[in-house]
């Protein structure tokens, strides 16, 4: 059975009608065949992760410049007693670097660590 197209005056078969794809199905096919490599993080996540890296570097630098006063200040700001030792600086620096790696890789654990 052939159908007549009234605009071009041509005869089209039913197979021709079935082969026409909609734009939505084309987009869905492209999404399904998209490669699975991870994309770069969004700008906001990138900025937050950069701030964590910067803070970790500042903590490591202050570990050598004025560790006693800095550790008191950081401990008080994090709700710890003021007599907390200098150990708090490298611990927080390592935590910040791990958190930044989680944010850079867009992993769920990096997201939840950032909330904590």
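The values are calculated or read from the model by the stated rules, or taken from the named source; none is laboratory data. Just so it is clear, the model here is predicted, and its values are computed rather than measured. When we count neighbours, we look across all protein chains shown, and the Cβ atoms used for this are built from the backbone with ideal geometry, even at glycine.
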- From the residues in segment 52-86 that are assigned to a loop (DSSP other than H, G, I, E, B) and free of Cβ contacts under 8 Å to residues at least 12 places away in the same chain, which one is surrounded by the fewest Cβ atoms within 10 Å (Cβ to Cβ)? 79
- Task: Given the conditions (1) surrounded by 14 or more Cβ atoms within 10 Å (Cβ to Cβ); (2) at pLDDT 90 or above, report the number of the one that residue 109 does not fulfil.
- Result: (1)
